[in-house]
Amino acid sequence: MRHGRISPHGVLPQRVATISVHTSPLEQPGGGDAGGMNVYVLETARRLAASGIAVEIFTRATSSDLPWIVEVEPGVTVRHVIAGPFEGLSKSDLPAQLCAFTSAVLRAEAQHEPGWYDLVHSHYWLSGQVGWLARERWGVPLVHTAHTLGKAKNASLAAGDTPEPLARIVGEQQVVAEADRLIANTDDEARQLIDWYGADAEQVVTIPPGVDLGTFSVRDQAAARRRLAVAPDALVLLFVGRLQPLKAPDVLLRAAARLVATDPSLARRLQVIVVGAPSGSGLDNPDAMPELAAELGIAGQVRFEPPASRDKLADFYTATDLTVVPSHNESFGLVALESQACGTPVVAAAVGGLPTAVADGRTGRLVGSHRTEDWAAALACLLHAPAHRAELSVAARANAEQFSWRHTADGLLRAYRDALSDFTTVALTGSGRP
Ligand code: UDP
């Protein structure tokens, strides 16, 4: 049995099977099931490949047009796996396809020489179930990143949102019990894994996600506004992300309507930009947000944009005065980091990973409720204070510079090394559970 290559940092894997069942890193994030996890998987794969590790990402084929294998760049490959019909399945249908997905992954590995993969890294609990079996079959460690946890989501549901089913919670618990290392985005998430899911504290590692500081950098605001046809004197509030109740874009729209109604000095210049497409329970009524803007009487001041490429997003962040992240729950909140990297302060809900991403009073504001009056007050306070916003902007960029995907990948390399080392020791001594 071969496990990895020896490096000055210990034994590292040579080839990692990364599992991302429900969403492909090749998809455009910002709608449907594609969001921060897609960005995370691709960005970390690139950095791991730069460290000499070949990353093969298995994901479900959702179209017959997709090539079976896509080489994204040297060392990063996406492999499309048939598990159920290409179209028409939602994320909640996928537990029934895990057997098909797993068998396709095992078959792909069997075409290589024995010991092809040194480690499995699964993303989200559905993938964890696949990784669990691959671990058993291949005799390699399983590293798992949950990205979101059903129990955390259920603890902070938006009004009218359906709770995550018991099947997910049980599935997550099984993966937690089987994984050799669990990667948490924040210390809070690490505590949830330990306290709520019974994870062994020694197997939980906190590794914050990163931001691409090159793509998301401080640009010329006037030029970005020209490119996006935003008025030079507008006061712009930006929402970026998947449109669903959990992300609470309605909180921003209600706060903006309140400002328009109560603050004549802001009313004329206020512009809200919403970038993203419906997702999850937001798909039940895809027009909910434009309808709400019309109902609130601010349709003329709200601009809806489809999911944007990374480069165009950087323009949106640059053209903006404040990025608003009002989520009910957020395992980290990449949007908050990207905005700060562009020098735009963030007003965010004080939930999940957002207090880690945003320094309250220094790079933006954290709001402790989802009440319209609290959000309107927090936004008005900053919109009326351009000099303060300029100070926040400088600190925001400096804050974002603490985070990078290189940093995240280095954390993963350490976790891989430790998982391999524990696994090999247990396999050699026969103690514990390999
Ligand atoms: N995103 C994007 N284009 C869009 C909207 C979002 O590329 O139009 C990306 C965004 O840049 C971020 C990710 O989607 O990297 C969303 O991640 P976040 O952690 O904020 O939320 P999640 O989707 O994980 O809930």
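The values are calculated or read from the model by the stated rules, or taken from the named source; none is laboratory data. Every value quoted in this text rests on a predicted model; they were computed, and no experiment measured them. Here the Cβ positions follow ideal geometry from the backbone for every residue, glycine too, while neighbour counts run over all protein chains shown. These accessible areas exclude ligands, DNA and RNA; they are computed on the full protein's heavy atoms, side chains included. Shrake-Rupley method; radii C 1.70, N 1.55, O 1.52, S 1.80 Å.
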When (1) open to solvent by 20 Å² or more (accessible area, probe 1.4 Å); (2) within 16 Å of the ligand (Cβ to nearest atom); (3) among the small types (G, A, S) are applied to S64, the one that fails is (2)
Might you check whether a residue that is part of a loop (DSSP other than H, G, I, E, B), of a type in the set (V, I, T) and open to solvent by 20 Å² or more (accessible area, probe 1.4 Å) occurs anywhere in the stretch 228-238? no
Number of positions in the stretch 281-290 that are touching a helix residue (DSSP H, G or I) at 6+ places or on another chain (Cβ under 9 Å) and either farther than 18 Å from A158 by Cα or open to solvent by 70 Å² or more (accessible area, probe 1.4 Å) (or both): 1
Scan E164, E172 and give me the residue that is of a type in the set (D, E) and not in a loop (DSSP other than H, G, I, E, B). E172
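This table checks each residue for (1) under 26 Å from L420 (Cα atoms); (2) modelled with pLDDT under 95.
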residue: G10; (1), (2): yes, yes
residue: V16; (1), (2): yes, no
residue: S20; (1), (2): yes, no
residue: L26; (1), (2): no, no
residue: D33; (1), (2): no, yes
residue: R47; (1), (2): yes, no
residue: Q97; (1), (2): no, no
Going by the conditions given, is A308 within 16 Å of the ligand (Cβ to nearest atom), closer than 25 Å to Q340 by Cα and in contact with a Phe, Trp or Tyr (Cβ under 7 Å, 6 or more places away or on another chain)? yes
Within the stretch 377-393, can you find the residues that are surrounded by 13 or more Cβ atoms within 10 Å (Cβ to Cβ) and either over 20 Å from A256 (Cβ atoms) or not hydrophobic (A, V, I, L, M, F, W, C) (or both)? H384, H388, R389, E391, S393
Which one of these is in contact (Cβ under 8 Å) with a residue 12 or more places away in the chain, within 19 Å of the chain's Cα centre (by Cα), under 30 Å from G343 (Cα atoms) and in a strand (DSSP E or B): V143, V211, V205? V205
Would you check if T323 is in contact (Cβ under 8 Å) with a residue 60 or more places away in the chain, surrounded by 16 or more Cβ atoms within 10 Å (Cβ to Cβ), within 29 Å of G361 (Cβ to Cβ) and away from the ligand (no atom under 12 Å from the Cβ)? no
Residues located in the stretch 37-57, provided they are part of a helix (DSSP H, G or I), more than 16 Å from the ligand (Cβ to nearest atom) and surrounded by 21 or more Cβ atoms within 10 Å (Cβ to Cβ): L48
Assuming V170 fulfils every condition listed in (1) β-branched (V, I, T); (2) touching a strand residue (DSSP E or B) at 6+ places or on another chain (Cβ under 6 Å); (3) surrounded by fewer than 19 Cβ atoms within 10 Å (Cβ to Cβ) apart from one, which condition is it? (2)
Matching residues in the stretch 278-311 - criterion: being of a type in the set (D, E, K, R) and free of Cβ contacts under 8 Å to residues at least 40 places away in the same chain: D284, D287, E291, E295, R303, E305
Scan the stretch 358-377 and tell me whether some residue there is at pLDDT below 95 and either within 16 Å of the ligand (Cβ to nearest atom) or under 25 Å from the mean Cα position of the chain (by Cα) (or both). no
